[in-house]
1. Being within 14 Å of ILE148 (Cβ to Cβ) and assigned to a strand (DSSP E or B) is the filter here; which residues of segment 73-112 pass it?
2. Given the criterion free of Cβ contacts under 8 Å to residues at least 60 places away in the same chain, in a strand (DSSP E or B) and touching a helix residue (DSSP H, G or I) at 6+ places or on another chain (Cβ under 9 Å), identify the matching residue among ILE230, ILE295.
3. Give me the strands (runs of 3 or more DSSP E) completely within segment 114-225, filtered to those with at least 1 residues that are acidic (Asp, Glu) and over 28 Å from PRO272 (Cβ atoms), ordered by residue number.
4. Any residue at all in segment 263-280 that's buried (at least 17 other Cβ atoms within 10 Å of the Cβ), under 22 Å from the mean Cα position of the chain (by Cα) and more than 21 Å from ALA156 (Cα to Cα)?
5. State which residue pairs qualify: first residue in contact (Cβ under 8 Å) with a residue 40 or more places away in the chain and inside segment 206-221, second residue β-branched (Val, Ile, Thr) and surrounded by fewer than 18 Cβ atoms within 10 Å (Cβ to Cβ) in any location, beta carbons under 6 Å apart, and separation of 6 or more residues or different chains.
6. Restricting attention to segment 126-136, and to residues there that are touching a residue at least 40 places away in the same chain (Cβ under 8 Å) and either surrounded by 15 or more Cβ atoms within 10 Å (Cβ to Cβ) or not assigned by TED's automatic domain parsing to the domain that holds SER103 (or both), which single residue is nearest to ALA88 (Cα to Cα)?
7. With respect to LEU238, determine if the residue is surrounded by 24 or more Cβ atoms within 10 Å (Cβ to Cβ) and either over 19 Å from GLU77 (Cβ atoms) or touching a Pro at 6+ places or on another chain (Cβ under 9 Å) (or both).
8. Mind telling me which of the residues ALA145, ALA139, ALA156, ALA95 ends up being surrounded by fewer than 19 Cβ atoms within 10 Å (Cβ to Cβ) and touching a residue at least 40 places away in the same chain (Cβ under 8 Å)?
Amino acid sequence: MADNSRPGAVRKKKKAPLKGSGGQGRRSLEGKGPTPKAEDRPYHKAHKMKKAAAKRQQGSAGPSRQPRLGGKRTSDELVTGRNAVLEALRTGIPAKHLFVMGSLEGDERVKEILSIATREDIPALEITRGEIERMTEGAVHQGVALQIPQYKYPDASDLGLSIMERWHAGELSRPPLFVALDGITDPRNLGAIIRSVSAFSGQAVIVPERRAAGVTASAWKTSAGAVSRIPVAKATNLTRVIQQLKDQGVFVVGLDGDGDVSLPELSLATEPLCVVAGSEGKGLSRLVAENCDQIVSIPIDSTMESLNASMAVGIALYEVGRLRSGA
C-alpha cells in the first residue's frame with residue numbers, strides 16, 4: 001500500500017465519469033458548410049449590386065426606351081446655354097430632345113430656339129430647375145439644353161474601299177480626296193477640317209479610334225453643319241488604313257514643316273489623294289510619316305513656327321483644288 005503520509009504527498013480523488021453529450025458537440029464543430037460568397041448573401045452590398053447589374057442587363061436586351069423626363073442616355077451629349085443651343089440648331093445638328101426649364105423668362109434667343117424646334121419637329125420638354133441642373137451636371141444652361149445622339153462612325157477601311165470602287169466605276173467626276181488626322185485632339189479643329197473638306201469637294205475624314213477628337217457638339221458647330229455631308233470614319237489602326245488606301249491606288253501626302261516638297265509643287269494633286277495632318281505640337285507620328293508617298297511643307301514666314309492643323313489642311317485642300325481645276 002502506498003504511503004501517503006510522507007511530507008508533500010497529495011491524495012488524488014478519482015472523478016466520476018461525465019455524462020455523454022450524445023454527439024451534439026461533434027455536430028456543432030462540423031458547422032454549416034463553407035461560407036457563402038458575398039454576392040450570394042441576401043443582405044450583403046455585393047448581392048444587391050449583382051441584382052442591379054442583372055436588371056440593367058435584362059433591360060438593355062429589351063426594346064429601346066425614350067429617355068425619361070429630365071434624363072439622357074450616357075451615349076448622348078447635351079448642348080447647354082442659350083447661345084450654344086441656338087447656334088447648334090441653326091447649323092442643323094441632329095437633335096433628339098429640347099429641354100426647357102419651366103417658368104423660364106424668354107428672350108429673342110429662346111423664342112428662336114422654340115421656333116426652330118417646332119419647325120424641325122424636335123420634341124420640346126418642360127422640366128424643373130432641379131431636373132435640368134441634375135441633367136447638365138453643373139454646366140451653365142440658362143434654362144435650356146439640347147440632347148444630340150452619339151455620332152455613328154463608319155469603318156475607315158470599308159469607306160475607303162467603297163469610295164475607290166465608285167471612282168474606278170466612273171461614278172465620281174473628280175479623283176477621291178481624303179483627309180486623315182494623326183493626333184488631332186481638339187474637336188473644334190476637327191470641325192473646321194470637316195468644313196474645309198466639304199468646301200473643297202473631299203469625300204471623307206479619317207480619325208484614329210484612340211487619342212483623337214471625335215464628332216461632338218463642338219465639332220458639329222464648328223463644321224457649320226458639314227458633318228451631315230462629310231462622313232467621319234474611324235480607323236482602329238491608322239497606319240494600316242493608309243497602307244490599304246495606297247493598295248487601292250491612293251497617293252498619301254503628309255503635311256510637315258520640314259517636308260521634301262513644297263505645296264505649290266505638289267504633282268500628286270490630280271491623283272486620288274489622302275492628305276495626312278498631325279498635331280500642331282508633335283506633328284506626324286513616325287510610322288505614319290514613313291508610309292507617306294511625300295512629305296509636303298507649306299511655305300510660311302520664318303517668324304511663324306507652325307500653322308494650326310485646321311488652317312494647314314484648309315490651305316492644302318485649296319491648293320489641291322486649284323491644281324485640279326487647272327489640270
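1. GLU77, LEU78, VAL79, THR80, HIS97, LEU98, PHE99
2. Exactly one residue qualifies, and that residue is ILE295.
3. Working: elements: 124-127, 144-148, 177-182, 204-208.
Passing ranges, in order: 124-127.
4. Checked segment 263-280: at least one residue is buried (at least 17 other Cβ atoms within 10 Å of the Cβ), under 22 Å from the mean Cα position of the chain (by Cα) and more than 21 Å from ALA156 (Cα to Cα).
5. Filtered contacts from segment 206-221: LYS221/THR91.
6. THR136
7. Against the criterion (surrounded by 24 or more Cβ atoms within 10 Å (Cβ to Cβ) and either over 19 Å from GLU77 (Cβ atoms) or touching a Pro at 6+ places or on another chain (Cβ under 9 Å) (or both)), LEU238 qualifies.
8. Values: ALA145 fails: surrounded by fewer than 19 Cβ atoms within 10 Å (Cβ to Cβ); ALA156 fails: surrounded by fewer than 19 Cβ atoms within 10 Å (Cβ to Cβ); ALA95 fails: surrounded by fewer than 19 Cβ atoms within 10 Å (Cβ to Cβ).
Answer to the check: ALA139.
The values are calculated or read from the model by the stated rules, or taken from the named source; none is laboratory data. Remember, it's a predicted structure, so these values are computed and weren't measured experimentally. Every residue, glycine as well, gets a Cβ built from its backbone with ideal geometry; the counts of neighbours run over all protein chains shown.
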